[in-house]
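What follows is one structure encoded as structure tokens, with my remarks underneath.
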Amino acid sequence: TLFRSGGGGYSIFQFGLSPMVGYKIVEPFSVGPRVSFTFASLKQSGFKATSLFNVDAGVFLRYRVFQGLFLQAEGSNEWYQDVFLGSTEKINRTRFNKRLGLGWNFNGGRGGGGSEIGVLYNFTIAEDLETYENPLEYRFGFTWNF
């Protein structure tokens with residue numbers, strides 16, 4: 001995950017890795033663990049850059065709809081750092097994320113290497129009235145036998 005945004009006197013750069021391992025229960029269902037590690041650098045006018053880290057760990061359930069098209073549901077615990085804009089004081093927070101989305105696997109279930117794209121909606125972020133985060137998550141990944 002790479003993300004760069006800005007406006008209102010601040011900019012943020014994010015980089016993350018999110019490995020996941022799936023097990024095909026029965027065709028067309030797969031399930032498995034997923035973990036995500038994200039580093040962010042927040043730069044605000046008048047302050048030094050602040051480094052933020054987060055870890056997100058949980059499980060996913062995937063349903064292959066047709067060829068490469070899939071639906072995916074996830075539940076995960078997230079431990080993350082945040083700051084109030086206009087401050088560099090880090091705040092440690094936790095939340096339980098509930099995501100639902102769809103994607104396309106370019107491997108098509110034929111084994112070997114491939115790639116996939118997806119968009120997931122995070123209901124936890126959407127329900128939080130105080131967050132600045134976007135509930136849509138855009139993903140790109142590399143796969144093997146998945």
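Observations on the structure shown:
- Within region 61-71, the residues that satisfy the criterion of being assigned to a strand (DSSP E or B) and surrounded by fewer than 19 Cβ atoms within 10 Å (Cβ to Cβ) are 61, 63, 64, 65, 66, 69, 71.
- Some residue of region 126-133 being under 13 Å from the mean Cα position of the chain (by Cα), not β-branched (Val, Ile, Thr) and not in a strand (DSSP E or B): yes
- A search for C-beta distances below 6 Å between a residue of region 125-146 that is closer than 19 Å to residue 21 by Cβ and any residue that is surrounded by 11 or more Cβ atoms within 10 Å (Cβ to Cβ) and of a type in the set (D, E, K, R), counting only pairs 6+ apart in sequence or on different chains, returns 141/116; 143/116.
- Within region 108-125, the set of residues being under 11 Å from the mean Cα position of the chain (by Cα) and of a type in the set (Val, Ile, Thr) comprises 119 only.
- When residues of region 7-19 are limited to those that are assigned to a strand (DSSP E or B) and over 13 Å from the mean Cα position of the chain (by Cα), the one farthest from residue 83 (Cα to Cα): 7
- Looking across region 20-53 at every residue that is among the basic types (Lys, Arg) and assigned to a strand (DSSP E or B), the one that is nearest to residue 9 (Cα to Cα) is identified as 43.
- Some residue of region 79-94 being within 30 Å of residue 144 (Cα to Cα), out of contact with any helix residue (DSSP H, G or I) (no Cβ under 7 Å at 6 or more places or on another chain) and assigned to a strand (DSSP E or B): yes
- Exclusive hit being open to solvent by 90 Å² or more (accessible area, probe 1.4 Å) and of a type in the set (S, T, N, Q), set 92, 54, 105, 77: 92
The values are calculated or read from the model by the stated rules, or taken from the named source; none is laboratory data. The model shown is predicted, which means the values in this text are computed figures rather than measured ones. Cβ atoms come from the backbone with ideal geometry, glycine included; neighbour counts cover every protein chain shown. Ligands, DNA and RNA are excluded from the accessible area calculation, which covers all protein heavy atoms including side chains. Shrake-Rupley method; radii C 1.70, N 1.55, O 1.52, S 1.80 Å.
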